[in-house]
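Following: one structure in structure tokens, then a few remarks.
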Amino acid sequence: MSILYSFQPIVDNHARILILGSMPGQASLAASQYYAHPRNAFWPIMAQLLQFNPDASYAEKITALKLSQIALWDVLKSCQRTGSLDSSIEADTQIINDFESFFSAHSKITHVFFNGGKAEACFKRYVLPENNLGLLRFTRLPSTSPANARLSFENKYKIWHEMIHSAFGSDQPFQQ
């Protein structure tokens with residue numbers, strides 16, 4: 001089994017929110033794009049939330065995130081996994097991204113949202129004990145993965161909208 005590597009973060013100096021996944025799935029790794037699986041709800045949710053065309057190019061989607069002060073990354077830098085499911089990640093192969101350097105370079109980030117339970121669990125286990133991140137707010141959102149079929153798209157969107165909207169308060173970069 002080969003080692004899988006995540007992508008570089010999508011971030012600029014204006015980011016106030018960081019959305020963290022665990023590790024890109026097979027479709028994303030093959031396309032070299034975050035959330036490339038056609039049934040993953042991440043980009044459709046972002047399209048509605050940030051009001052861009054859901055059929056926009058990947059570059060346009062990235063621009064929309066940055067203009068909305070949203071950064072995107074994964075907790076894991078590398079791991080071994082068969083398939084795309086988080087439950088298939090071999091725990092003893094997990095290497096965590098360098099969050100100390102990341103948060104030092106992006107000090108405007110005030111909220112971290114986890115795209116699912118695995119991202120949250122890895123972050124809390126491996127990142128929080130090693131870093132002083134006391135001023136950040138952490139919230140787990142329902143996974144946008146097609147494997148998370150317990151919630152409809154509408155319910156996922158509603159939760160994502162409420163939580164991200166509340167992070168910006170009245171100073172939101174996107175319309176309702």
Top-ranked residue in the range 1-25 [being touching a His at 6+ places or on another chain (Cβ under 8 Å) and of a type outside the set (A, V, I, L, M); ranked as surrounded by the most Cβ atoms within 10 Å (Cβ to Cβ)]: G25
Residue in the range 141-151 that is touching a His at 6+ places or on another chain (Cβ under 7 Å), in contact (Cβ under 8 Å) with a residue 60 or more places away in the chain and closer than 24 Å to Q26 by Cβ present: yes
Tally of residues being out of contact with any Lys or Arg (no Cβ under 8 Å at 6 or more places or on another chain) and of a type in the set (V, I, T) across the range 42-69: 2
Selection count where residues are modelled with pLDDT under 95 and either touching a Ser or Thr at 6+ places or on another chain (Cβ under 8 Å) or β-branched (V, I, T) (or both), scope the range 22-34: 5
Subset of the range 27-47 [surrounded by fewer than 19 Cβ atoms within 10 Å (Cβ to Cβ) and out of contact with any His (no Cβ under 8 Å at 6 or more places or on another chain)]: L29, A30, A31, S32, Q33, A36, P38, R39, P44, A47
Restricting the range 69-85 to residues that are buried (at least 21 other Cβ atoms within 10 Å of the Cβ) and charged (D, E, K, R), the residue that is modelled with the highest pLDDT: D74
Tabulated pairs, the range 1-29, first part of a loop (DSSP other than H, G, I, E, B) and of a type in the set (S, T, Y), second surrounded by fewer than 18 Cβ atoms within 10 Å (Cβ to Cβ) and modelled with pLDDT of 95 or more, C-beta under 8 angstrom, 6+ apart or interchain: none
Selected residue (criterion: nearest to S107 (Cα to Cα)) from residues of the range 117-142 that are touching a helix residue (DSSP H, G or I) at 6+ places or on another chain (Cβ under 6 Å) and not hydrophobic (A, V, I, L, M, F, W, C): N131
Any hit, the range 57-68, residues being part of a loop (DSSP other than H, G, I, E, B), surrounded by fewer than 14 Cβ atoms within 10 Å (Cβ to Cβ) and at pLDDT 95 or above: yes
All helices (runs of 4 or more DSSP H) inside the range 89-171 with 3 or more residues being over 13 Å from the mean Cα position of the chain (by Cα): 99-105, 153-168
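The values are calculated or read from the model by the stated rules, or taken from the named source; none is laboratory data. All values derive from a computational prediction rather than experimental measurement. As a convention, Cβ positions derive from the backbone with ideal geometry for all residues, glycine included, and neighbour counts pool all protein chains shown.
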